[in-house]
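> I have a structure here, written as C-alpha cells, and I will follow up with some questions on it.
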Amino acid sequence: MSSFIPRTAFPPLPSLPRSYFLGHHKSGLQKMKSLLSTIDLVLECRDYRIPLTSRNPLFEDALEGKPRVIVYTHRDLGGHIRDKRVEDVVSRWHEPVPVLYTACVGGAAEGLLGGGGGEKAGRKSVAKVLAFLREHAEKEWKLVGHRVMVVGMPNVGKSTLLNALRVQGVGKGKAARAGAQPGVTRKVGTGVKIIASEDDEGEADDRALEKRREKGDESRSGFTPKPKIEKGHAGVKGVGGGVYLLDTPGVFIPYVPDSEAMMRLALCGSVKDTIIPPVMLADYLLHRINLAFFPGPSPYAEYCPPTNDIVQLLEAIARKTGRLSKGGTADTEAAALWMIQRWRNGHLGTFVLDDVKEESLQARKIEEEGLQPSMNQARKADKERRREKGRARAIT
C-alpha cells in the first residue's frame, strides 16, 4: 500500500465524442428565446461537482438581459457540507448575480452531510430557493403570477428541483418527469405553481380544515380551531398571483473544449451512458478518486487495495457484487456501470471534479472565445451528417 502512487494525469482521448448537441436541444433553446418576454426571472441550474464544465455559454447569449439566479445542485455530492471553500469561490465568480446551493432532495447521499442527514439538508436547501423566489416576486406584484424559467445542461437536476419546490411550496405532488439519464424533458413545459397566490391562502386553509375534520380533530364544544399549516406547504404567505416555474429541456454545449471535460460531463450524467464506454469512464473515475483521497483511506477499500488498474478493481467489484458472466468470469462492463452509479449517488466519495480557483471562470471564458470556430465547425459537421442521412434514405 505504501508503494502506491496515483496517476497524476489521465491520457488525452482524441477519438472521444466532443459534442452532444441534439435536435431537441436546439429547438428547446429557440423556444426559450421566444418565451423570454413573458418571463420575470431565469433560474439556471448547474452541477456543483462541475461548476465550470456545466456552464453553458449559449445561455449567456440567449437569455441576456433577464434577471437571473444560479442554483448549484448536488451540493452534498461535491464534498462535506461544512466545507465552504469551493462555495465561497463560486459565489464570488458570479457577483452580483445571486447564487444558491441545493442538496439532493430525497437523500441520495443520506448520512453524508452531517448535522441532520441528507433528507433534512435537501428540504432546507429547497426552502432557501423558495424564500428567494418569494422575495423576488414580492418586489413586483403581478395579478397573473410571477413566471420563472428554469434552464441548464442536461440532467443537472432541473426537473427534480421543480418537483421539490412544488412539494414544499404548495404541498402538491410531482409535476415533471425526472430520470437518471439525460433527455427525459424534451419540450418547454407549461407553468407549474410552486408558491401560492394571495387568493389561494383561504382555499388552502379550507383544505387543511377538511383534512382535520376527516380525522375527527375538532373541538367537542363545537368550536373549530384554525388548522395549523406547516411551513413550506400551501396556504403560507401567498404572493400576488402566485409563482410559476417553467421546466425546459437540458441544452448541451455545441462543442466540448477537451476530452477530459467530456468525461466529467459523462460522469455526472449529462450525456447518456452509451456515448462513452463504461470501462473507460470508470477508469477516469478511478483516477479522480485516487487523486481526491490519496494518501488517506480509499473509498473502494472493501473491494481491493489502492490501484491504478481499472480491470483489477472492476474484477474485484464483479466478484463481490455477483456481476459475473457465463462461466463465472467477471462482467467488467456491468461492474463499471455499477461503480459509476455508486459514485453518482455519493457512495464512492464526494468531491468536485473541476479545478475551482479565483481565476478559473475567466480562464474558461477565454477558452470559450477561442473555441468559437470549433463550435461553428461542429454545427457544419452536424448539418453534413443530416445531409448524409437524407441521401441514405433517398437511396433506399
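Read-outs throughout are calculated quantities, based only on the coordinates presented, and are distinct from any laboratory measurement. These figures come from a predicted structure and were not determined experimentally. As a convention, Cβ positions derive from the backbone with ideal geometry for all residues, glycine included, and neighbour counts pool all protein chains shown.
> Going through the cross-link list Lys66/Lys365; Lys120/Lys142; Lys139/Lys193; Lys31/Lys124; Lys158/Lys193, which pairs have a Cα-Cα distance over 26 Å in this structure?
Working: Lys66/Lys365 20 Å; Lys120/Lys142 33 Å; Lys139/Lys193 18 Å; Lys31/Lys124 32 Å; Lys158/Lys193 15 Å.
Pairs exceeding 26 Å: Lys120/Lys142; Lys31/Lys124.
> For the range 322-362, run through the trypsin sites (Lys or Arg not before Pro) and keep only the ones in DSSP coil with at most 14 other Cβ atoms within 10 Å of their Cβ. If you can, show how the numbers build up before the last one.
Details: sites: Arg323, Lys326, Arg342, Arg344, Lys357; in loops: Arg323, Lys357.
Within the range 322-362, the qualifying trypsin sites (Lys or Arg not before Pro) (loop, at most 14 other Cβ atoms within 10 Å) are Lys357.
> If R0 is 25 Å, what FRET efficiency do you get for Lys142 and Lys26 from their C-beta distance, rounded to 0.05?
On the way: r = 31 Å, r/R0 = 1.24.
The value I calculate is 0.20.
> Also, quick follow-up: Where in the range 266-353 are there GluC sites (Glu not before Pro) that are in a DSSP coil and have at most 10 other Cβ atoms within 10 angstrom of their Cβ? Present the calculation step by step, with values, prior to reporting the outcome.
Values: sites: Glu302, Glu315, Glu333; in loops: Glu302.
Here the sparse-neighbourhood loop sites are Glu302.
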